[in-house]
Amino acid sequence: MGMTITEKILAKASGKAKVEPGENVWLNVDILMTHDVCGPPTISIWKREFGGDAKIWDKDKLVIFPDHYIFTKNPQANRNVEILREFARQYDIENYYDAGTDRYKGVCHIALAEEGYNIPGTILFGTDSHTCTSGAFGMFSTGVGNTDAAFILGTGKIWEKIPESMKFVFHGKLPSFLTAKDLILRILGDITTDGATYRAMEFDGEAVFSLSVDERMTLTNMAIEAGAMNGIIAADSVIENYVHERTNKPYEIFNSDNDAKYRQVYEYDVSGMEPFVAKPHSPDNLDTVRNVQGTKLTKCYIGSCTGGKLSDFVSAAKLLFGNKAAVPTFVVPASTAVANQLEIETINGISLKEIFENAGCVIAQSSCAACLGGPMDTIGRAVDGETIISTTNRNFPGRMGSKKAAVYLASPLTVAASAITGVITDPRDFF
Amino acid sequence: MDKIIKGKIFVLGDNIDTDQIIPAEHLVYSLSDPEESKNYGKHALSGVPLSKAGLPAGGIPFIKNGSSESEYNIVIAGSNFGCGSSREHAPFALKVAGVKAVIAESYARIFYRNSVDGGFIIPYESIQKINDSISTGDEIEIDLMNNTLKHIESGKSFNLRPLGDILPIIEAGNIFEYARKSGMMG
């Protein structure tokens, strides 16, 4: 019996020739990533457990991106960034990207890719559930809590149960009115928010390999919304080129064997699909945009690790070009690199930034911002009984702030189309 | 490790995500400062819409009058408890509020790991659905030796899934104690 790509990478990292689902193994970790919400408690647990002279197992393998609560006056949130700053100074952490400096990057999952930390065949753990995003690079990446992260910080190792794999194959050519977000929402509707718990979600098929790196990251990013341990796409030349532009680190490309075992295989033809939304209050509450079109909105939101990448803004700008947003619309680039690209990338000679400004959108600084609500002064935070359509990843009660708010999740095309009309709108109306 | 956990239950539904367990705006407090960390208990389960808090009736706040401790020390829930973000603040908040164990049909992976590796609460899985047959405020007794739950008033007993691989970590206290015992840490 062959192995899946996830099994092969985990076998390598545990020093075994072969692993099987259900087996517990100890993994050697290549990169540990943390941020301002979970970094300070991780450091505190590490000090408690490893003592005053605690040593980081390998400080070059620790990466810290403050990104969650950055542009806030909340004193405790600011203190958390200060704790990271002091830690980085004391332990001379080169891979620390401080807020308030030129080194500030924004949302960790996108910055990991941009800064060359995503390396095919390697193991990345992060104190954030969306760490699974990096799986778009043919690597194993998953989220853990502070305790597990503190354990890694001191030992470089962590236990993990080898997951069963599920495969999702997308055939056909993706129509121009669909994005990766529609595909992952469709999967969530089919398998629900615990449909992949403790499992690996592997994405395959010509429609997947025709996607840009940004779009692939949208698929793997939301694997956690089905409860998955990791999402993964085998690395191809598109990924190799992206990696080569950013790092000289060695990498290894793994592919699933033809006789690898999957718990389930789902096959889709994208050519017949239509735009989807996840209705309140769960990412698996699937419907077609057509079925909910006309729903009145109070706000539109384009941002986060899921929907704040350059490709997301290119999609949104295509529709917003020459139009005005009918409701308050927030544009939150995931990273500072994406924010810079908004000024460089053009449509008909007009920069994306100008297109959004001309449409009346509010362009905010790069951070996680209102995707997870955040402190009360967070830009774009849901208030009272708002109805919001968003390119983000979760719409559980209260996720974007107010418990009374109703949040629809959709593609950047659907959000942009809806911003223009002020009601939920099928992007095909603009094609 | 306690052999018996006895107490009053707080009943919830399916898919209680970590934003409902501890809303993100509270993730700013220190978890190591004993006084400041009480804020996590104070806001535990405050993200659950009130109509779905304390089933079957609903409308029952888990924490009353700005206290940091709940009168309920066992949470009973449906499937996929703790889905969503990786915040360890979630099982931590339940612990600060006085919760000893959660009994759910299933858990999201990161919440489950955090509960066990951090030694915050015991995440038991029920074999059958139980959150629709007992009520918030009922007294129960969990027998950790025999993996059973006894409903005190009716005397009815339910089987729980044995803790299996995680039992040695729970017995040790947390992942660090476990690693020390098994010689993995100095």
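The values are calculated or read from the model by the stated rules, or taken from the named source; none is laboratory data. Remember, it's a predicted structure, so these values are computed and weren't measured experimentally. Positions of Cβ are generated from backbone atoms using ideal geometry, with glycine treated the same way; all protein chains shown enter the neighbour counts. The area values use the complete protein model at the heavy-atom level, side chains included, leaving out ligands, DNA and RNA. Shrake-Rupley method; radii C 1.70, N 1.55, O 1.52, S 1.80 Å.
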Being within 9 Å of another protein chain (Cβ to nearest Cβ) and over 16 Å from residue B:32 (Cβ atoms) is the filter here; which residues of the stretch A:140-149 pass it?
A:142, A:143, A:144, A:148
Of all residues being within 14 Å of another protein chain (Cβ to nearest Cβ) and β-branched (Val, Ile, Thr) in the stretch A:150-195, which is surrounded by the fewest Cβ atoms within 10 Å (Cβ to Cβ)? Just the residue, please.
A:155
So which residues in the stretch A:359-377 are over 16 Å from residue A:327 (Cβ atoms) and within 14 Å of chain B (Cβ to nearest Cβ), if there are any at all?
A:367, A:368, A:369, A:371, A:372, A:373, A:374, A:375, A:376, A:377
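Looking at the structure I just gave you, is residue A:32 assigned to a helix (DSSP H, G or I), more than 11 Å from chain B (Cβ to nearest Cβ), under 29 Å from residue A:200 (Cα atoms) and touching a strand residue (DSSP E or B) at 6+ places or on another chain (Cβ under 7 Å)? Before the answer, list the steps.
Working: assigned to a helix (DSSP H, G or I): no; more than 11 Å from chain B (Cβ to nearest Cβ): yes; under 29 Å from residue A:200 (Cα atoms): yes; touching a strand residue (DSSP E or B) at 6+ places or on another chain (Cβ under 7 Å): yes.
So residue A:32 fails the test.
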Here is a check on your reading of the model: is residue B:19 of a type in the set (Asp, Glu) and either open to solvent by 60 Å² or more (accessible area, probe 1.4 Å) or more than 12 Å from chain A (Cβ to nearest Cβ) (or both)?
no
Which of the numbered conditions does residue B:171 fail, given that it passes all the others? Conditions: (1) loosely packed, with under 13 Cβ neighbours inside 10 Å; (2) charged (D, E, K, R); (3) in a helix (DSSP H, G or I).
(1)
Condition set in contact with a strand residue (DSSP E or B) (Cβ under 6 Å, 6 or more places away or on another chain) and closer than 30 Å to residue A:233 by Cα, scope the stretch A:74-106, selection least open to solvent (accessible area, probe 1.4 Å): answer is A:106
Which one is surrounded by the fewest Cβ atoms within 10 Å (Cβ to Cβ) among residues in the stretch A:123-139 that are within 14 Å of chain B (Cβ to nearest Cβ) and hydrophobic (A, V, I, L, M, F, W, C)?
A:125
Considering only the stretch B:57-78, I want to know if a residue exists there that is within 12 Å of another protein chain (Cβ to nearest Cβ) and over 13 Å from the mean Cα position of the chain (by Cα).
no
Can you say whether residue A:67 is open to solvent by 20 Å² or more (accessible area, probe 1.4 Å), in contact with a Gly (Cβ under 7 Å, 6 or more places away or on another chain) and more than 12 Å from chain B (Cβ to nearest Cβ), as far as the supplied structure shows?
no
Here is a list of conditions, (1) under 23 Å from residue B:174 (Cα atoms); (2) more than 12 Å from chain A (Cβ to nearest Cβ), and residue B:88 meets all of them except one; can you say which number that is?
(2)
Would you confirm whether any residue within the stretch A:300-317 is of a type outside the set (Ser, Thr, Tyr) and open to solvent by 50 Å² or more (accessible area, probe 1.4 Å)?
no
Looking across the stretch A:404-431 at residues that are closer than 14 Å to residue A:277 by Cα and among the small types (Gly, Ala, Ser), the single one that is farthest from the other protein chains (Cβ to nearest Cβ) is A:417
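Name the one entry in A:269, A:259 that is closer than 30 Å to residue A:415 by Cα and open to solvent by 60 Å² or more (accessible area, probe 1.4 Å). Working first, answer last.
Values: A:259 fails: closer than 30 Å to residue A:415 by Cα.
So the residue among A:269, A:259 that is closer than 30 Å to residue A:415 by Cα and open to solvent by 60 Å² or more (accessible area, probe 1.4 Å) is A:269.
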So in the stretch B:26-40, with the set limited to residues that are assigned to a helix (DSSP H, G or I) and surrounded by fewer than 22 Cβ atoms within 10 Å (Cβ to Cβ), which one is farthest from the other protein chains (Cβ to nearest Cβ)?
B:38
Return the residues of the stretch A:378-403 that are open to solvent by less than 20 Å² (accessible area, probe 1.4 Å), β-branched (Val, Ile, Thr) and more than 14 Å from chain B (Cβ to nearest Cβ); say none if nothing qualifies.
A:388, A:389, A:391
Being in a helix (DSSP H, G or I) and not acidic (Asp, Glu) is the filter here, so list the residues in the stretch B:1-25 that pass it.
B:18, B:20, B:21, B:24
Scanning the stretch A:121-177 for residues that are farther than 26 Å from residue A:243 by Cα and aromatic (Phe, Trp, Tyr), the one nearest to the chain's Cα centre (by Cα) turns out to be A:177
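Just to be sure, is residue B:82 open to solvent by 30 Å² or more (accessible area, probe 1.4 Å) and touching a helix residue (DSSP H, G or I) at 6+ places or on another chain (Cβ under 7 Å)? Working first, answer last.
Working: open to solvent by 30 Å² or more (accessible area, probe 1.4 Å): no; touching a helix residue (DSSP H, G or I) at 6+ places or on another chain (Cβ under 7 Å): yes.
Answer is no for this residue.
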Taking the stretch B:90-106 and keeping residues open to solvent by less than 10 Å² (accessible area, probe 1.4 Å) and not in a helix (DSSP H, G or I) leaves B:97, B:99, B:101, B:102, B:103, B:104
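Using the structure shown, decide if residue B:10 is within 14 Å of chain A (Cβ to nearest Cβ), within 14 Å of the chain's Cα centre (by Cα) and either surrounded by 23 or more Cβ atoms within 10 Å (Cβ to Cβ) or hydroxyl-bearing (Ser, Thr, Tyr) (or both). So that I can check it myself, show each step before the final result.
Values: within 14 Å of chain A (Cβ to nearest Cβ): no; within 14 Å of the chain's Cα centre (by Cα): yes; either surrounded by 23 or more Cβ atoms within 10 Å (Cβ to Cβ) or hydroxyl-bearing (Ser, Thr, Tyr) (or both): yes.
In short, no.
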